[in-house]
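S.K.: Here's a structure for you.
The values are calculated or read from the model by the stated rules, or taken from the named source; none is laboratory data. Model, not experiment: these values are computed from the prediction. Quick reminder, even Gly has a Cβ in these numbers, built from the backbone with ideal geometry, and neighbours come from all protein chains shown. Each accessible area value is taken on the protein alone, full model and side chains, heavy atoms only, with ligands, DNA and RNA left out. Shrake-Rupley method; radii C 1.70, N 1.55, O 1.52, S 1.80 Å.
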Amino acid sequence: SGELATNAGLNAENEILHTLAFLAGVMIWSQITDLPFSLYSTFVIEAKHGFNKQTIWLFIRDMIKGILLSILLGPPIVAAIIIIVQNGGPYLAIYLWGFMFALSLVMMTIYPIVIAPLFNKFTPLPEGVLREKIEKLAASLSFPLKKLFVVDGSTRSSHSNAYMYGFFKNKRIVLYDTLIQQCSSEDEIVSVIAHELGHWKLNHTVYSFVAVQLLMFLQFGGYTLVRNSKDLFESFGFEDQPVIIGLIIFQHTIIPVQHLLSFCLNLVSRAFEFQADAFAKNLGYAPQLRAALVKLQEENLSAMNTDPWYSAYHYSHPPLVERLSALEDADSKKEN
């Protein structure tokens, strides 16, 4: 990467320029090596099971847009991180966390408004029974719904979903057009929205965000220890202590801890899913939610009943059988 920077007429002694040259090489190499697998996954495996809807031109266009976004957003972020590490001193972990916290808020704000529309088309949900029912449900829960969109997910895949975003009083709900196509009634779609609103009403998003920020702060504290270990850098053949190399070494060092944290986060996420299902059921959408879950599971060809231990470790959402069982148990307790 130093030679790459020098050949490009840049000062390889400048750590920011040297790091950007290194990351450029990694990006180019990753694109070359990953492209065959991405093409095979999309146009062979996904197509075989009826999921892929995109053309090769759309695939290439999305890839080019992703590369351009990386070129546009990557350098200033990388430069800021390097400057913070070089000047952070004993408060390095706090400064790094503060920067990443601010960056996450900025990205959460601009991604759905600026970046996502570069890849998908968002149109307002037309007036009609479905829109009226969703707006009525949101109003009954005091959810500050400002806009209701449909995204053209069917141009790329037949997978379906729904999500919400926005801060404070500026909330928006997005429905995949595939969700509307796959559900047989408006009430089934509304039951999915009721589940998503349950996450909001029960503050799951806030809890998850706080947990992620806490873990990020702890990781930066761990990186500070790696950063100050000259022997660790020398053991990998580095006489200096480049910021990017320290981050890479640290990421590999904490892999066992990351597996444990991933397992714990999945347990929390699964608990949140059960709670959101129960929330939708308490609103009277249990039959519709059951029907929607079964239909979406069938359409997405997801595993119906996996091994409990495998599911607990790998899945952030409980399998269909567990969710249906929880809804039925709740109904049985209510009847008794």
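S.K.: Only one of these is among the β-branched types (Val, Ile, Thr) and either over 23 Å from Gln288 (Cα atoms) or not in a helix (DSSP H, G or I) (or both): Ile193, Ile180, Ile189, Ile249. Name it. Even if it seems obvious, please write down each step before you answer.
M.R.: Numbers: Ile193 fails: either over 23 Å from Gln288 (Cα atoms) or not in a helix (DSSP H, G or I) (or both); Ile180 fails: either over 23 Å from Gln288 (Cα atoms) or not in a helix (DSSP H, G or I) (or both); Ile189 fails: either over 23 Å from Gln288 (Cα atoms) or not in a helix (DSSP H, G or I) (or both).
Result of the check over Ile193, Ile180, Ile189, Ile249: Ile249.
S.K.: Which residue is farthest from Ile94 (Cα to Cα), if the candidates are limited to the range 213-239 and must be surrounded by fewer than 15 Cβ atoms within 10 Å (Cβ to Cβ) and touching a residue at least 60 places away in the same chain (Cβ under 8 Å)?
M.R.: Looking at residues that are surrounded by fewer than 15 Cβ atoms within 10 Å (Cβ to Cβ) and touching a residue at least 60 places away in the same chain (Cβ under 8 Å), I get Gln213.
S.K.: Can you run down the residue pairs with Cβ atoms below 7 Å, 6 or more apart or on separate chains, where the first is in the range 286-297 and in contact (Cβ under 8 Å) with a residue 24 or more places away in the chain and the partner is outside any helix (DSSP H, G or I) and of a type outside the set (Gly, Ala, Ser)?
M.R.: Final answer for the pair search is Ala292/Cys183; Lys295/Cys183.
S.K.: Sticking with this structure for a sec: Quick one: count up the residues across the range 269-283 that are without any contact (Cβ under 8 Å) to a residue 60 or more places away in the chain and open to solvent by 50 Å² or more (accessible area, probe 1.4 Å).
M.R.: Matching residues across the range 269-283 total 2.
S.K.: While we're on this one: Tally the residues that are at negative phi and of a type in the set (Gly, Ala, Ser), restricting the search to the range 109-142. Give the derivation first.
M.R.: Restricting attention to the range 109-142, the residues satisfying the condition of being at negative phi are 109-127, 129-141.
Filter once more, so that each one left must be of a type in the set (Gly, Ala, Ser): 116, 138-140.
Final tally of qualifying residues: 4.
S.K.: Of all residues in the range 55-83 being open to solvent by 40 Å² or more (accessible area, probe 1.4 Å) and among the charged types (D, E, K, R), which is nearest to Ser158 (Cα to Cα)?
M.R.: Let us first name the residues in the range 55-83 that are open to solvent by 40 Å² or more (accessible area, probe 1.4 Å), namely 55-57, 60-61, 63-65, 67-68, 70-73, 75-77, 83.
So of that shortlist, the ones also among the charged types (D, E, K, R) come out as 61, 65.
On the way: Arg61: 19, Lys65: 22 Å.
It comes out as Arg61.
S.K.: Scanning the range 132-144 for residues that are free of Cβ contacts under 8 Å to residues at least 60 places away in the same chain and open to solvent by less than 40 Å² (accessible area, probe 1.4 Å), which turns out farthest from Glu188 (Cα to Cα)?
M.R.: Residue satisfying both the conditions and the ranking: Pro144.
S.K.: Does Ser311 satisfy the criteria of being open to solvent by less than 40 Å² (accessible area, probe 1.4 Å), more than 30 Å from Ile84 (Cβ to Cβ), part of a helix (DSSP H, G or I) and in contact with a Ser or Thr (Cβ under 7 Å, 6 or more places away or on another chain)?
M.R.: On the way: open to solvent by less than 40 Å² (accessible area, probe 1.4 Å): yes; more than 30 Å from Ile84 (Cβ to Cβ): yes; part of a helix (DSSP H, G or I): yes; in contact with a Ser or Thr (Cβ under 7 Å, 6 or more places away or on another chain): no.
So Ser311 does not fit the description; no.
S.K.: Before we move on, is Tyr176 touching a helix residue (DSSP H, G or I) at 6+ places or on another chain (Cβ under 6 Å) and open to solvent by 20 Å² or more (accessible area, probe 1.4 Å)?
M.R.: Yes.
S.K.: Filter the range 1-54 down to the residues that are β-branched (Val, Ile, Thr), open to solvent by less than 70 Å² (accessible area, probe 1.4 Å) and within 17 Å of Ser157 (Cβ to Cβ), then identify the one that is modelled with the highest pLDDT.
M.R.: Filtering the range 1-54 for residues β-branched (Val, Ile, Thr) gives 6, 16, 19, 26, 28, 32-33, 42, 44-45.
Then drop every residue that is not open to solvent by less than 70 Å² (accessible area, probe 1.4 Å), which leaves 16, 19, 26, 33, 42, 44.
Then drop every residue that is not within 17 Å of Ser157 (Cβ to Cβ), which leaves 42, 44.
On the way: Thr42: 86, Val44: 89.
My answer is Val44.
S.K.: Looking at (1) assigned to a helix (DSSP H, G or I); (2) touching a His at 6+ places or on another chain (Cβ under 9 Å), which is the one condition that is false for Met164?
M.R.: (1)
S.K.: Answer yes or no as to whether Tyr111 is in contact with a His (Cβ under 9 Å, 6 or more places away or on another chain), open to solvent by 60 Å² or more (accessible area, probe 1.4 Å) and aromatic (Phe, Trp, Tyr).
M.R.: Values: in contact with a His (Cβ under 9 Å, 6 or more places away or on another chain): no; open to solvent by 60 Å² or more (accessible area, probe 1.4 Å): yes; aromatic (Phe, Trp, Tyr): yes.
It is false that Tyr111 is in contact with a His (Cβ under 9 Å, 6 or more places away or on another chain), open to solvent by 60 Å² or more (accessible area, probe 1.4 Å) and aromatic (Phe, Trp, Tyr).
S.K.: Here is a follow-up. So, Val151, is that one hydrophobic (A, V, I, L, M, F, W, C) and open to solvent by 70 Å² or more (accessible area, probe 1.4 Å) or not?
M.R.: Numbers: hydrophobic (A, V, I, L, M, F, W, C): yes; open to solvent by 70 Å² or more (accessible area, probe 1.4 Å): no.
For Val151, the condition - hydrophobic (A, V, I, L, M, F, W, C) and open to solvent by 70 Å² or more (accessible area, probe 1.4 Å) - is not met.
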